[in-house]
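Following: one structure in structure tokens, then a few remarks.
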Amino acid sequence: ATEPRLCHVRKVPDFDGYGFNLHAEKGKPGQYIGKVDEGSPAEKAGLRRGDRILEVNGHSIAGETHKQVVARIKE
């Protein structure tokens, strides 16, 4: 398994949102990065397709639903 890494994704005025989507993978716990938009804050922060999100804003998301994780990201 790959070591977790910290990625700081920050909103920027000239980009709508963060530029990635999130999904669950069948039979696997957690939420994963799907598509990462070119030139987006997510790409600049180093997020890659297939990355598993472990924490959002310092909060562990273990056991949270997709909806809860999305709400945390929007905080």
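Among what's in region 1-32 and is in contact with a strand residue (DSSP E or B) (Cβ under 7 Å, 6 or more places away or on another chain) and in a loop (DSSP other than H, G, I, E, B), pick the residue that is modelled with the highest pLDDT.
Filtering region 1-32 for residues that are in contact with a strand residue (DSSP E or B) (Cβ under 7 Å, 6 or more places away or on another chain) and in a loop (DSSP other than H, G, I, E, B), the one modelled with the highest pLDDT comes out as Gly19.
Could you please let me know if Arg49 is under 13 Å from His23 (Cα atoms), surrounded by 11 or more Cβ atoms within 10 Å (Cβ to Cβ) and of a type in the set (Lys, Arg)? If you could, list the steps in order and put the result at the bottom.
Details: under 13 Å from His23 (Cα atoms): yes; surrounded by 11 or more Cβ atoms within 10 Å (Cβ to Cβ): yes; of a type in the set (Lys, Arg): yes.
In short, yes.
Restricting to region 33-58, and then to whatever is part of a strand (DSSP E or B) and closer than 13 Å to Leu6 by Cα, can you tell me which residue is nearest to the chain's Cα centre (by Cα)? Even if it seems obvious, please write down each step before you answer.
Looking only at region 33-58, we keep the residues that are part of a strand (DSSP E or B), and these are 33-36, 52-53, 55-56.
With closer than 13 Å to Leu6 by Cα added as a condition, the list becomes 52-53, 55-56.
Values: Arg52: 7, Ile53: 5, Glu55: 9, Val56: 8 Å.
The qualifying residue nearest to the chain's Cα centre (by Cα) is Ile53.
Could you check, for region 5-20, whether at least one of its residues is in contact with a Pro (Cβ under 6 Å, 6 or more places away or on another chain) and among the aliphatic types (A, V, I, L, M)?
Scanning region 5-20, I find at least one residue that is in contact with a Pro (Cβ under 6 Å, 6 or more places away or on another chain) and among the aliphatic types (A, V, I, L, M), so the answer is yes.
Among the listed residues Gly19, Gly39, which satisfies the condition of being in contact (Cβ under 8 Å) with a residue 12 or more places away in the chain and touching a Ser or Thr at 6+ places or on another chain (Cβ under 6 Å)? Working first, answer last.
Numbers: Gly39 fails: touching a Ser or Thr at 6+ places or on another chain (Cβ under 6 Å).
One residue alone meets the criteria, Gly19.
The values are calculated or read from the model by the stated rules, or taken from the named source; none is laboratory data. Every value quoted in this text rests on a predicted model; they were computed, and no experiment measured them. Methodologically, a virtual Cβ is constructed for each residue, glycine included, from the backbone with ideal geometry; neighbour enumeration extends over all protein chains shown.
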